[in-house]
1. Of all residues being under 21 Å from SER235 (Cβ atoms) and touching a Ser or Thr at 6+ places or on another chain (Cβ under 9 Å) in segment 193-210, which is surrounded by the fewest Cβ atoms within 10 Å (Cβ to Cβ)? Just the residue, please.
2. Considering only segment 129-139, I want to know if a residue exists there that is in a loop (DSSP other than H, G, I, E, B) and crowded, with 18+ Cβ neighbours inside 10 Å.
3. Test GLY104 against the stated conditions and say whether it is out of contact with any strand residue (DSSP E or B) (no Cβ under 7 Å at 6 or more places or on another chain), of a type outside the set (A, V, I, L, M), within 16 Å of the ligand (Cβ to nearest atom) and without any contact (Cβ under 8 Å) to a residue 60 or more places away in the chain.
4. Scanning segment 66-89 for residues that are within 11 Å of the ligand (Cβ to nearest atom) and among the hydroxyl-bearing types (Ser, Thr, Tyr), which turns out farthest from THR3 (Cα to Cα)?
5. All but one of (1) assigned to a helix (DSSP H, G or I); (2) touching a Ser or Thr at 6+ places or on another chain (Cβ under 9 Å); (3) of a type outside the set (A, V, I, L, M) hold for ARG23; state the number of the condition that does not hold.
6. Counting only residues that are more than 16 Å from LEU25 (Cα to Cα), open to solvent by 10 Å² or more (accessible area, probe 1.4 Å) and more than 12 Å from the ligand (Cβ to nearest atom), give me the helices (runs of 4 or more DSSP H) lying completely in segment 256-337 with at least 2 of them.
7. Could you list, in sequence order, all residues of segment 46-74 that are part of a loop (DSSP other than H, G, I, E, B), open to solvent by 90 Å² or more (accessible area, probe 1.4 Å) and not hydroxyl-bearing (Ser, Thr, Tyr)?
8. Counting only residues that are in a helix (DSSP H, G or I) and among the charged types (D, E, K, R), which one in segment 26-45 is farthest from the ligand (Cβ to nearest atom)?
Amino acid sequence: MSTTITVIPGDGIGPEVTDATLRVLRAAGAALDYDEQLAGVTALERMGNPLPDETLDSIRSNRVVLKGPLTTPSGTGFRSINVAIRKEFDLYANVRPVRTIVPGGRYEDIDLVLIRENTEGLYVGVEHYIGMEGDPRAAAESVMIITRFGAERISRYAFEYAKRLGRKKVTLAHKANILKYTQGLFLDVAHEIAKDYPDIVWEDRIIDATAMQLVLDPYRFDVLVMENMFGDILSDLMAGLVGGLGFAPAGNIGDEGAMFEAVHGSAPDIAGKGIANPTGLILSACMLLDHLDQQATGDGIRAAVDHVVRAGEVRTPDMGGGASTMDYADALVRALE
Ligand code: NAD
């Protein structure tokens, strides 16, 4: 039985990395059908709307999305479509696995997962200026929102994720020593949820100490969970442990839907040249397969990525090679056979 997913190729290098990803998914025998839809600048140009109703309807009915990067105009123009989709479908868990693929970096065999709360915290954007003595911007104020509901569902998501994937430990990184109410509520709630998972080691750590320990000894961690902004910052730090954003996949998961995308953007500087590295989106597609209980197919693709990248003969320019996006996808397909 195949599952139909919505595919949004996106802007810039999006269509190129999406083509490569679909080629690999088909060769791996993923039980998927693809409902292609537009969003972003491409949709604005062709349909006059960066987030057309057809695309929203498709996501609503399929509930699982594979999405290429979308260009967000800076300063003026439409607001981020990525954020709009996350909000529309309440995709509250941002899941960012970090794994060593290219050997010879700072560390070998890193295998961590960061789970970031995607809807609350300082990023709700409740902020304003305060005028004083003729200066309209004498001060600025921003509000961190933490709800029991939000803290509970992200903590439970982290423990359920750890349980499902056989992971041993969940660490909550927080700042409850200073932000006693907001971060304190998050800590208290996570502590309560942890009691339902006696087989998983649970610990809480102060966010700044966690950042240092991640750099000094990342092997002491396994699954990490935290509020929105801390997760935004530490997920990039963790990507740095394995050589940067080029290979980083992500899932945005909610109760009503899930969207999988590479962490990188639309890379306008190399768009149309056929040289983009599709690994981020391919590994995101593997997460999508895990989500749909097609884990064996995803594991096969991950093994092919490891094999081809480690062999070093077919690498895109960002990996120091001379291969095109499709040469690399072809090499993955051969490794799958
Ligand atoms: P970017 O990630 O697009 O590019 C940064 C640098 O990395 C560029 O030099 C680019 O060529 C390179 N790069 C990125 N992905 C690559 C790949 N797969 N293979 C080889 N090289 C790659 O970041 P940016 O330039 O800051 O953003 C460009 C646009 O993308 C902006 O409009 C931004 O809003 C958008 N963006 C979208 C998403 C998303 O859709 N999730 C995420 C980040 C940025």
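1. Among those residues, the one meeting the criterion is GLU203.
2. Looking through segment 129-139, none of the residues is in a loop (DSSP other than H, G, I, E, B) and crowded, with 18+ Cβ neighbours inside 10 Å.
3. no
4. SER74
5. If we test ARG23 against (1) assigned to a helix (DSSP H, G or I); (2) touching a Ser or Thr at 6+ places or on another chain (Cβ under 9 Å); (3) of a type outside the set (A, V, I, L, M), just (2) comes out false.
6. Helices (runs of 4 or more DSSP H) meeting the threshold: 295-311.
7. Of everything in segment 46-74, just one residue is part of a loop (DSSP other than H, G, I, E, B), open to solvent by 90 Å² or more (accessible area, probe 1.4 Å) and not hydroxyl-bearing (Ser, Thr, Tyr), namely ARG63.
8. ARG26
The values are calculated or read from the model by the stated rules, or taken from the named source; none is laboratory data. Note that the structure is predicted; figures quoted are calculated from it, not measured. Counting neighbours? That spans all protein chains shown, and the Cβs are built from the backbone with ideal geometry, glycine included. Heavy atoms of the whole protein, side chains included, go into the accessibility calculation; ligands, DNA and RNA do not. Shrake-Rupley method; radii C 1.70, N 1.55, O 1.52, S 1.80 Å.
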